[in-house]
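Notes follow the structure.
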Amino acid sequence: MENKMIEVKNVSMRFNLGIEKDFSIKQFFVDLFDPKKKKKKKPEFWALNKVDFDVKSGEVIGFVGSNGAGKSTLLKVVAGVMKPTKGKVISYGNICPMIELGAGFDPDLTARENIYLNGAVMGYSKELIDSKFDEIVEFSELQEFLDVPVKNFSSGMTARLAFSIATIVDPEILIVDEILSVGDIAFQQKSENKMRSMIGGGTTVLYVSHSIESIRKLCDRVVWLEHGEVQMIDKTEKVIKKYLEFMGVDK
């Protein structure tokens, strides 16, 4: 339990705003033939600012904060989806990021075909998917829709299929962003039970949710972010108490 699984070292993430607005053929020629025109400085937005913490092997770390606090951006940086502007992240295990479920699907392909496509995107071999195919279908409860194009699925059905594929193996590090809020109530409970099973098996989990109750039930410690900066890192109840006071919620 004392072994470090993740080290987030002084991570900052900067975005340039208004890039799409400035980029046009018309604007290019206006700038080209008007040398006196001062070049506009693109406004910058720091989504993360000097975020620093460690995660121990087997820990379940929750992340709370207002909308736009930087929680999802931080998970994407840890998952390797984004490269930080400053600082670095070191991980000591294979990562399964469940951040944007269904992002690797082709909407024109059937559920059956997308199981293999999405599995390949996640690094699973065809042999592994073959051996786990029935398990994926059973968990997703989409037996009757295997040969239906995913573009005809509801968002809940898509999430169920993606979650079922993502969890066919127990990763060393699981990154979860609001996944337990998708699908119907029965599937939410099923997903939570699956996560609990993975946690019980020693998986290290980074978990973002607006559901304080799920944070309370699942997490050992909590990181509270606001405006990209860490406000507090401590045991779950201590952080939740301070966070709810900040939000003006009496619970």
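Every number here is computed from the coordinates shown, using simple stated rules; none is lab data. All values reported here derive from a predicted model rather than from experimental measurement.
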inquiry  = Can you compute log10 of I(q)/I(0) for segment 129-190 with the Debye formula, treating each Cα as one identical point scatterer, at q = 0.29 Å⁻¹?
reply    = -1.39
note = Under the helix-only model (-39500 (n - 2.57) for each DSSP H run of 4 or more, divided by the residues of the chain), the mean residue ellipticity at 222 nm, to 500 deg cm²/dmol, is -11000 deg cm²/dmol
note = For the chain, the percent of all C-alpha pairs falling in each 10 Å bin, from 0 up to the bin holding the max distance, is 7, 27, 29, 21, 11, 4, 1
Cα shape, segment 173-251, gyration tensor, a/c 1.5 rule = prolate
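Is there a pair in Lys86/Lys235; Lys50/Lys76; Lys9/Lys242; Lys71/Lys241; Lys132/Lys194; Lys217/Lys238 whose C-alpha atoms are over 21 Å apart, and which pairs would that be?
Over 21 Å apart, Cα to Cα: Lys86/Lys235; Lys9/Lys242.
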ask   = Which aspartates and glutamates, on any chain, are close to Lys190 with Cα under 20 Å apart, when same-chain ones fewer than 8 places away are left out?
value = Glu100, Asp134, Glu135, Glu138, Glu141, Glu144, Asp170, Asp177, Glu178, Glu213
